[in-house]
Amino acid sequence: MTKPNSTFVLFILMLIGCKQPLPEVQLTYEARRIDTYLHEVVDRQQIPGLTLAATRNDTVVYAGAFGLRNVTTKEPMKTANVFHWASVSKTFVATAVMQLAEQGKINLDDKLIAYLPYFKQKDENYKYITIRQMLNHTSGIGDVEDYEWDKPQNDEAAPERFVRGLENDKMLFAPGSDWSYSNTAFEILGVVITKVSGMPFETYVRKNILDPLGMEHSSFIYPEIPDSLRVTGHLWAAKPIVSKVYPYNKIHAPSSTMNSNVLEMTHYAMANLHRGKYKNNQILSNSSYNLLWTNSVNLKDKPAVGVSWFLDEHKGLKTVSHSGGDTGFRCFLLLVPEKNISVMVACNYELCRTSDFAHAVLDLLLGEKPGEIKRQIGFSFAEVLSNEGLEKAKAFYKNMNEDSTQHKYYLWKEDDGALTYPGYLLLDQGMLNEALEVFKFNLELNPTSGYAYGNLGVAYARLANKELAKLNLAKAIELVPSEEHYKTEMKKLDK
């Protein structure tokens, strides 16, 4: 693994041609402590590349870059490099909606069809969906199944065409009666913003959010990002590999395609911490945050969500945050309003636990010992399997379970989920024999788990072993009859 590269001073602005100087980050004791911690974790977890910044009050107190933009080209990461921020994009949609609400052009409790009369779903309940319900994921609108990053639709008519194409979709539940995360709802909101503002969603955000905040190298339109600043995403195939696609598709811009670097995201974070104000610009009124950061879900055992922002606590402090994850990228934006602190993390690796990084750095900013950033043991098992064989992998797994001093290196899970995700990622990469061994070992560890039988059945099906596939899927269906996925796999085998 290449030794991480860390950047503390923003002399790179000369390299990227920024017109407005960004605040200089001082090499303080606090910054050195954060940097030392991140060096160790990034290196231990074999993360290709990561950038992180943190603010307190009006100051960037830390900005660091680690690893590589691309493991093939070996280009070092810089804090100015631009990442795909995935679902953090949704908070920009919320900001835009609140701006238009302040202008009286949108009412959060209006029905969606008041703005898009052509919108339909198979269930008649679509008529009762409100803008607020779309923003807090209680609309009942389903989610995107395939983002089609490999065949994007980037013409101006694509967003509305996508929304019109939802008319044959079924709703998940009656609006307001339940909670289910919906990217689709935010794609629709992007079209609402276009309709109400009279300009494309991306243009609206540029004019009313990015430009006022001095985010000149940020964009919802990926082709606008200079090649010199772009970052490559990485997948896992028993090691980090370069992703063949970059997650960009105009129809999914509102939910997912914000591109930015951690330096410019500090502008956005500070604007929110100051309740809409950044330097001499006010992008939202103070009162809008009473809605943005107040729970609007109020459903038992469901997340607390304001207007797109997720509301939680960390060691007694109220937090406001949003995560993001798409092909080859993971990110996290964390705000702590009562301490006027923000932490933002962007990583070019699908295994990176960016929320853990953000909260660990928050601990350091609070003068506390950071929580351990643990790695899922299933991935390390699969890596040993791929490199050294099954017996060495089993011995490794046994040793990790018996040696408590090793626990800080792995996310401990004593259930059938520890090996599931690694197994399916191996299937996705065409590493069928390795996936089969992972799922066989999973069943060995969890002989009464219907999911362990089902996942093994899926692996056998991919290997065209119908007999063993049906045998394991039948057992899975017997043990977990509510799991439709295994029934679908069985039907495929019967064709």
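The values are calculated or read from the model by the stated rules, or taken from the named source; none is laboratory data. What you see is a predicted model, and the numbers here were worked out from it, not measured in a lab. When we count neighbours, we look across all protein chains shown, and the Cβ atoms used for this are built from the backbone with ideal geometry, even at glycine. Just so you know, the surface numbers come from the protein's heavy atoms only, side chains and all, with ligands and any DNA or RNA stripped out. Shrake-Rupley method; radii C 1.70, N 1.55, O 1.52, S 1.80 Å.
The convex hull around the C-alpha trace of segment 47-173, projected and averaged over every direction, spans 11.7 square nanometres. Computed from phi, the 3J(HN,Hα) profile of segment 289-303 under the Karplus parametrisation 6.51, -1.76, 1.60 (θ = phi - 60°) reads 6, 5, 8, 4, 10, 10, 4, 10, 8, 6, 10, 4, 6, 10, x Hz, with x in place of Gly and Pro. Of the options Ser342, Ser449, Val245, report the single residue whose Cα projects farthest towards the positive end of the charge dipole of the chain (beta-carbon charges: Lys, Arg +1; Asp, Glu -1). Farthest towards the positive end: Ser342. The ellipsoid equivalent to the alpha-carbon distribution of segment 420-478 has semi-axes of 17, 13, 8 angstrom, derived from the gyration tensor eigenvalues as √(5λ) and listed largest first. For segment 107-242, lysine pairs separated by 8 or more sequence positions, or belonging to different chains, with Cα-Cα distances below 17 Å total 9.
Per-residue packing, averaged as other Cβ atoms within 10 Å, sorts the ranges 37-44, 253-260 into the order 253-260, 37-44, beginning with the highest.
As a calculated quantity, the FRET efficiency between Asp43 and Glu124 at R0 = 51 Å, using C-beta atoms, amounts to about 0.35.
Across segment 86-102, computed HN-Hα scalar couplings (Karplus, 6.51 cos²θ - 1.76 cosθ + 1.60, θ = phi - 60°) run 6, 6, 4, 3, 4, 5, 6, 4, 4, 4, 4, 4, 5, 4, 5, 5, 4 Hz from first to last residue, x flagging Gly and Pro.
A viscosity of 0.890 mPa s and a temperature of 25 °C, combined with the Kirkwood radius over Cα pairs in Stokes-Einstein, give a translational diffusion coefficient for segment 26-95 of 179 µm²/s.
Between the residues Ala53, Val82, Leu273, the greatest Cα displacement towards the positive end of the dipole of the chain, with unit charges on the Cβ of Lys, Arg, Asp and Glu, is found for Leu273. Tell me whether segment 250-309 comes out rounded, prolate or oblate; compute the Cα gyration tensor, take square roots of the eigenvalues as a ≥ b ≥ c, and use a/c under 1.5 as the rounded threshold. In terms of gyration-tensor shape, oblate. Per residue, the convex hull spanned by the Cα atoms of segment 347-490 measures out at 132 cubic angstrom.
At the listed q of 0.10, 0.14, 0.22 Å⁻¹, the Debye profile of segment 236-348, built from one uniform point per Cα, gives log10 I(q)/I(0) equal to -0.37, -0.70, -1.33. In summary, the aspartates and glutamates within cross-link reach of Lys250, defined as a Cα separation below 17 angstrom excluding same-chain residues under 8 places away, comprise Asp143, Glu145, Asp146, Glu148, Asp150, Asp155, Glu156, Glu160, Glu187, Glu202, Glu224, Asp326.
Under 1.5 on a/c is rounded, so check that first for segment 143-199, then, if it is not, pick prolate when a/b is larger than b/c and oblate when it is not; a ≥ b ≥ c are the square roots of the alpha carbon gyration tensor eigenvalues. In terms of gyration-tensor shape, oblate.
Annotation for segment 40-142: chymotrypsin sites (Phe, Trp or Tyr not before Pro) lying in DSSP loop with at most 16 further Cβ atoms inside 10 Å of their Cβ are Tyr118. Rolling a 1.4 Å probe across the protein heavy atoms gives segment 411-495 an accessible surface of 51 Å² per residue. Computed from the Cα positions only, the extents of the chain along the three principal axes stand at 66, 59, 43 Å, in decreasing order. Kindly provide the helix-only [θ] at 222 nm of the chain, computed as the sum of -39,500 (n - 2.57) over DSSP H runs of four or more divided by all residues, to the nearest 500 deg cm²/dmol? Rounded to the nearest 500, it is -11000 deg cm²/dmol. Using a probe radius of 1.4 angstrom, the carbon and sulfur fraction of the accessible surface of segment 23-103 is 50%.
When DSSP beta bridges are restricted to pairs lying wholly in the chain, around 95% turn out antiparallel. In order along segment 465-472, the Karplus-derived 3J(HN,Hα) couplings, from 6.51 cos²θ - 1.76 cosθ + 1.60 at θ = phi - 60°, round to 9, 5, 4, 6, 4, 5, 4, 6 Hz, and Gly and Pro are given as x. One decimal place: the segment Lys170-Lys151 gains 4.4 nm when fully extended, by the rule 0.36 nm per residue minus the C-alpha distance. The apolar share of the surface of segment 172-289, taken as the fraction of accessible area on carbon and sulfur atoms (1.4 Å probe, ligands and nucleic acids excluded), comes to 52 percent.
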